[in-house]
Structures are given as C-alpha cells and as structure tokens.
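The values are calculated or read from the model by the stated rules, or taken from the named source; none is laboratory data. All values reported here derive from a predicted model rather than from experimental measurement. Positions of Cβ are generated from backbone atoms using ideal geometry, with glycine treated the same way; all protein chains shown enter the neighbour counts. The accessibility values were calculated without ligands, DNA or RNA, using every heavy atom of the protein model including side chains. Shrake-Rupley method; radii C 1.70, N 1.55, O 1.52, S 1.80 Å.
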Amino acid sequence: MINIKLPDNSVKQYEAGITPLEIARDISEGLARNVLAAKVNGEVQDATLPIMDDADLQLLTWRDEEGKAAMWHSSAHIMAEAIELLYPGTKFGIGPDIENGFYYDVDFGDYTVSEKDFTRIEQKMLELAREKQQFIREEVSKKDALSYFTEKGDEYKLELISELQDGEITFYKSGYFTDLCRGPHIPDTSFIKAVKLMKIAGAYWRGDENRKQLTRIYGITFPKKKELDEYLVLLEEAKKRDHRVLGKELELFTFSQKVGAGLPLWLPKGADLRERLELYLKKVQRESGYEQVITPHIGNVELYKTSGHYQKYGEESFKPIKTPAEGEEFFLKPMNCPHHCEIYKATPHSYKDLPVRLAEFGTVYRYEQSGELHGLTRVRGFTQDDAHIFCTPEQIKSEFNGVIDIIERIFKALDFKDVLIQISLRDKENREKYIGSDENWEKAERAILEVAEERGLNATIEYGEAAFYGPKMDFMVKDAIGRKWQLGTIQVDYNLPERFELTYVGADNEKHRPVMIHRAPFGSMERFVAVLIEHCAGNFPLWLTPDQFIILPISEKYQTYAEKVLNLLKKYDLRGFIDGRSEKTGRKIRDAELKKIPYMLIVGEKEEKEEKVSVRKHGKEI
Ligand SMILES: [Zn+2]
Ligand SMILES: [Zn+2]
C-alpha cells in the first residue's frame, strides 16, 4: 500500500500502481470526468500513469494552468493527426502549448495551406475528439524511434531524436497518429469539445533563418462550446483595446524605423499624460520619504563589472561605446541600481540615517531581439519608475509595508481593482545556491510573509522562484476584461551591497552592510501606459486624460464666447481646446467621441445668452 497526500493534507491509502485518474474516480465520478492531468510530487504527468510510491498528488483540471496546458498540448497532437489524415505526406516539427492555445510547425510539402483550410481541419479535429482516442505512452529505444521516422520520412523528428539520449525517448499514440513527445497529455480526446484555428505564420525550423520555413498553425480548444464563444468575444474586445492602435488614434506615441525599432517616441499628448503620471508618483513618493536623484544614461564598464551585470548580460546587451582618445568603455545603462549604489556610497551613513530611499525615473536600454518587440510592452529603451531603499535587516518589513502602501494608492487612483501578488522565496532544498546569510534570508522571508498575511494580500507563494540575491514580491493586475498583466516588483538584494561594499555605522559603532530593496510599482512608464490604455480602453481617469474637455461652437458666430469659456476653464487648470472647424455639430461630436474626450461643451445662442454651456459626456447618448 502507498500513502497519497492530497492538497488539503488528507492522506489516503491505495495499492501501489494506482493511477491519479483512478484516485479521482475513488473520490468522485464528477471529479474524474474533469481530470486532465496530475501533479505527482510537483511533476506534471499523465493522469493515467501509475504511482508506485508514497506521493503528494494534485489532480489538475481546466481550472489549473497546467491542466489547460496539457489539454492544449494534446490538442496540438489532434491537429497534427487531422492534418496527416487530410494532407498525407505532411511532416511535423514541434507542437507545444502556449499562453492561449497551441501551435504546430508543419511542412506541407508542395501544398500551400491557407485559412481556407481551417474549417476542414477543425471539423476533422472535432471528429477525432469525439472518437475518444486515448493518448498511449510508449517508451522506445533510440534505434526504434529513428527507424519509425525514417520509414515515415520525417526529417524534423529524426533531427530531434538524434539529439536525445537512448532511454529517455517516448512516443505518444492517439488514434492514427504517433508523435515523438515527452507528454503529459489528457487521458483521451473527448475533453475537447470546441476547436478554433486562429492564424497561420511562417516559422523557421529551430528558429534558424538559414533553415527551412515551416507553416505555424495556431489554434485553441475548450471543454465547452460556450467557453470558446466567450473567448472569441474577449478577443474582439481586446482588439478594440490594443494599445498600439489606440496609441495612434489618441496621438499618444509613435515609432519610427529611422529612429530605431523598439524606441518609442512620445507625442505631445502622450508625453503630457506620462508627465502627469510621473508627477503624481513623485508626489506620493516625496510624502513617503523618498529623495529624487538623477544619473546618466551610460556607465563605465567597471561599474557593471562591480555590479556583476557585465558578467551576466555583457554578451546579450548593446555593444559598448568607446571614447575616441582614452579608449574607455561605456555601456548604455541597463539598470539604475549600480548608479544608485555609488550615490549611497558618496556620503557616510549612520544607522540613524536609514532607510535611505533614492528614487529616479531612470531611462534604461536593453537589447531585445527585433522579433520580440511589441508596442510599448516590449521595447529597447524605457523609463523605470525606479527606487532603491538602503535599510537595516530589521527595517525590511516596514519598508515593504511602505512600498505596498504606495502601490495600493496608485492602483486605486488608476482604477485597477484586481491586484494579484506573487511572493518568490528560496528553494527549501537547495539553500546553498543563494547569496547572503541564512539568518538574513529567514528574516526577510518571514517579514514578507507577515506583511502579506497582515494586509490580507491576494498572494501566492512560490518556493524556488527567488533570485539568487534575494526574495521578492511581484505585482500583477487584472484588467477590465480579465487579462493579467505583470507590472511592478519589490525585491530584496543582499548581493549589490556586498559587491559595492556599502556600509553604515551601527549603534555599536561598527560597520555593517545595509540591505538593498529594489522597487518599481509601475515597472516602466512604457509598459504601464500600455497596460493602462488596454485596461481603460483609452478612457483615462479624468485627472490623467490629455484633454478633459472640448468646446464645440455650433457656428463661427460663437467662437468668441467659446474662447471666453476656454480661458475661464484654463484658469482652473483644466485641459481642453475648441473645435473651431466649420463642420456640422453632429460631425464634431462624432470626432470628439472617437478621441474619447470626457466632456463636450456645446455652445450656441442660448448658451451665450445665459452664460452657460451644454454638457455632453463621452459615451452617453443624450
Ligand atoms: Zn505531446
Ligand atoms: Zn534596482
């Protein structure tokens, strides 16, 4: 008999060799109908694989990310099976699950596949799904694996197999299709009730542009038709909120190939909005005891050797800049932290001065592959709302509380209601890979957990996810249509104070190392503005929006009165302008609606006489 511990800590006894699916059935038939895969001692595996020893077991369903992943990856197999049946002789590359669905890289030979083929493939996939095909795992020798795909004539699979060790190769067979795969998969195909192929793209085999371009087909599946319908509605909504489209329409930012890929250009309205965000944050930070600093955009190579960034990222960053005469090497600043360490070091510190909180809207540059760039969310130059706190180990808890106060205040002001937090701690089994004393780690981890507990934060704890230099807390927001976005972070660091030999004089008159805390509530201004645009669909909070009002005179006769109104509102620091075009009022209203200006102030004869304006709110029919 073996002991199976379930997530609620209850322990059940079963005979060795029982499968997770059978355990699910023992608990309830309803549960068994929903089990997609299982996590056994932290490893995701097929729910149909036997368990031989005592184990921790978590049954994975559609509600779990890993359950979804198993379903989507299995769907890639079904798509390949459908394609193989419909287009004999097709060869296959790789077919993983992704964030939303899956893809398979396919070589159709002479056939040019297009979206016109989608319905046919979808229908076939549903047909195969209904057959309730089981995914059968088979361990094969390298020799047999090679001979199977040699016979089939699939050079892609042969190349993958040639890189694997004998003894670690598995095939999965479902219905008519056999694939080289590690798994895990869902028990059978009947879980797949709705299928949608999304798009086609070219993809070089193994990401190498010198090799053959395969056809990547993206798709997604669901256990219920209703969920697919909801997903498609969400996609439509997301399209309308795309920050790249709205950023253009609202004249917030642009990109120029001449300036360079991934380097955003902020237009006047966007720069104005961003400055308001920065001023707001600066004000909040000043009230919380931060001091503003300014550092240059480049730093000497020695600075980054001291910080360790050179050793770690040197190869993957922009190439150094050299001075013509002295041959000194400078790097574009990838992070503000090393500079701030030098600022801390510039003056002596006593325990009485701590914490020291240095803040900077620091622009940094990081190399990203051109294919990875995306609007404002993935760029090569961006401004972090950065700050570094230098404190004693005892102050970590109160500093975390202080930073969370700021973050909560900002999220509230910007109408983000759903905030999720991830706390990343050390791997309990593997403590030697972390820098800093065990005692300090204990102290910091306990402080972070206490803060989360005392504040009732919606937090998940991940062991083993901490950086080698300290534990951290990451902030995610859910936007208005339920998508999750990674934003800011608070991160403890025992490494940089060591490398930069930072000290303070303690009450004992001895020198001590301060702890450093990195924190950036927004992450970066670029990313944050992108998320904000997608969250509010361009309808910014009134205090932040570029133009709060637009004055619409119904004819040229009322231009003078419109100017009078404009001047009055400007005196109260309100932002807006007059649409003085000789267009019909209906047209002006439609244009103002498209610009998402919150208030339209219509002025005509009656308004002028009564010294009033007629107010129309954005998005509201009168
Ligand atoms: Zn697979
Ligand atoms: Zn930092």
- Item | Percentage of interatomic Cα-Cα distances in the stretch 159-259 larger than 21 Å | 65
- Item | Solvent-accessible area per residue, Å², over the stretch 336-416 with all protein chains present [probe radius 1.4 Å] | 38
- Magnitude of the charge dipole, the stretch 443-578, Cβ model with Lys/Arg +1 and Asp/Glu -1, debye to 20: 540
- Query: Where the centre of each part is set by its Cα atoms, how far does the stretch 345-398 sit from the stretch 494-510, in angstrom?
  - Reply: 19
- Note on the structure: Here the Kirkwood hydrodynamic radius of the stretch 457-581, Cα-based and in Å, equals 19.6
- Determine the principal axes of the Cα atoms in the stretch 509-578, then give the extent along each, sorted from largest to smallest and rounded to whole angstroms. 77, 33, 14
- Before rounding to the nearest 500, sum -39500 (n - 2.57) across all DSSP H runs of length at least 4 in the chain and divide by the residue total; then give [θ] at 222 nm in deg cm²/dmol. -10500 deg cm²/dmol
- So for the pair residue 571, residue 64, with labels modelled 7 Å out along Cα→Cβ, what separation do we get in nm? 6.7
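Can you figure out the FRET efficiency of residue 342 with residue 454, using R₀ = 35 Å and their beta-carbon distance, to the nearest 0.05?
After rounding to 0.05, the efficiency reads 0.50.
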- Query: Counting pairs of alpha carbon atoms under 8 Å apart in space and at least six apart in sequence, what relative contact order in percent does the stretch 407-522 give?
  - Reply: 27
- Peptide ranges 528-538, 264-274 listed from the most packed, as the mean C-beta count within 10 angstrom indicates: 528-538, 264-274
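Estimate the FRET efficiency between residue 10 and residue 190 by the formula 1/(1 + (r/R0)^6), using the beta-carbon distance for r and 25 Å for R0, to the nearest 0.05.
With a Förster radius of 25 Å, E is 0.30.
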- Pop out the ³J(HN,Hα) list for the stretch 307-323 in order, Karplus 6.51 cos²θ - 1.76 cosθ + 1.60 with θ = phi - 60°, rounded to Hz; leave Gly and Pro as x. 6, x, 5, 4, 4, 7, 10, x, 5, 9, 10, 4, 5, x, 9, 10, 6
- Task: Please report the relative contact order for the chain, taking Cα pairs under 8 Å with a sequence separation of at least 6, and give it as a percent rounded to a whole number.
- Result: 9
- Once amide H atoms are placed 1.01 Å from N in the peptide plane, what residues at a sequence separation of 5 or more from residue 133, or on another chain, have their amide H within under 5 Å of its amide H? 189, 190
- Taking the stretch 236-295, how much of its Cα-Cα pair set, in percent, is spaced more than 13 angstrom apart? 72
- Could you work out the relative contact order of the stretch 1-143, using alpha carbon pairs under 8 angstrom and six or more residues apart, expressed as a whole percent? 17
- Using a 1.4 Å probe on heavy atoms of the protein chains only, the accessible area for residue 469 in Å², nearest 10, reads 60
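Over the stretch 314-371, what per residue volume does the convex hull of the Cα atoms give, in whole Å³?
Values: hull volume 7.8 nm³, N = 58.
Normalising the Cα hull of the stretch 314-371 by residue number yields 134 Å³.
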- If R0 = 51 Å, then residue 372 and residue 150, at their Cβ-Cβ distance, give a FRET efficiency to the nearest 0.05 of 0.90
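Using a ≥ b ≥ c from the Cα gyration tensor of the stretch 19-120 (square roots of the eigenvalues), is it rounded, prolate or oblate, where a/c under 1.5 gives rounded and otherwise the larger of a/b and b/c decides, a/b for prolate? Write down the numbers at each step before the final one.
Numbers: a/c = 2.80, a/b = 2.57, b/c = 1.09.
Prolate, because a/c is 1.5 or more and a/b exceeds b/c.
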- Under a point-charge model restricted to the Cβ atoms of Lys and Arg (+1) and Asp and Glu (-1), what is the dipole moment magnitude of the chain relative to its Cα centre, in debye to the nearest 20? 2640
- Ranked by how many other beta carbons lie within 10 Å on average, peptides 473-479, 570-576, 546-552 from highest: 546-552, 473-479, 570-576
- Taking 322-335, 79-92 and ranking on average Cβ neighbours within 10 Å, highest first, one gets 79-92, 322-335
- Hey, any idea what % of the chain's accessible area is carbon plus sulfur with a 1.4 Å probe? 49
- Pairing the Cα long axis of helix 559-571 with the longest principal axis of the chain, what angle in degrees results, from 0 to 90 and rounded to the nearest 10? 80
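Take the Cα atoms of the stretch 556-622, build their convex hull, and give its volume per residue in Å³.
Spelled out: Cα convex hull of the stretch 556-622, divided by residues, is 89 Å³.
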- Message: What translational diffusion coefficient, to the nearest whole µm²/s, does the stretch 375-442 have by Stokes-Einstein, given a Kirkwood radius computed over alpha-carbon pairs, a temperature of 25 °C and 0.890 mPa s viscosity?
- Response: 157
- Which value, in Å², gives the accessible area per residue of the stretch 1-66 when a 1.4 Å probe is used on the protein heavy atoms? 56
- Query: For the stretch 74-86, in order, what is each residue's ³J(HN,Hα) by Karplus, 6.51 cos²θ - 1.76 cosθ + 1.60 with θ = phi - 60°, in whole Hz (x at glycine and Pro)?
  - Reply: 4, 5, 4, 4, 5, 5, 5, 4, 4, 5, 5, 6, 7
- Scattering from the C-alpha atoms of the chain alone, worked out with Debye: what is log10 I(q)/I(0) at q = 0.06, 0.09, 0.10, 0.11 1/Å? -0.46, -0.98, -1.15, -1.28
- Positive end of the charge dipole of the chain (Lys, Arg +1 and Asp, Glu -1 on Cβ, about the Cα centre): tell me which of 72, 532, 496 has its Cα farthest that way. 532
- Query: Which angle between 0 and 90 degrees, to the nearest 10, do you get for helix 525-536 versus the longest principal axis of the chain when only C-alpha atoms count?
  - Reply: 80
- Note on the structure: Normalised Cα Rg of the stretch 160-214, dividing by 2.2 N^0.38 Å with N its residue count, works out at 1.52
- Note on the structure: Projecting the Cα atoms of 285, 298, 324 onto the charge dipole of the stretch 285-327, where Lys and Arg contribute +1 and Asp and Glu -1 at Cβ, the residue farthest towards the positive end is 324
- Query: So what is the accessible area of the stretch 109-206 per residue, in Å², with the probe set to 1.4 Å?
  - Reply: 55
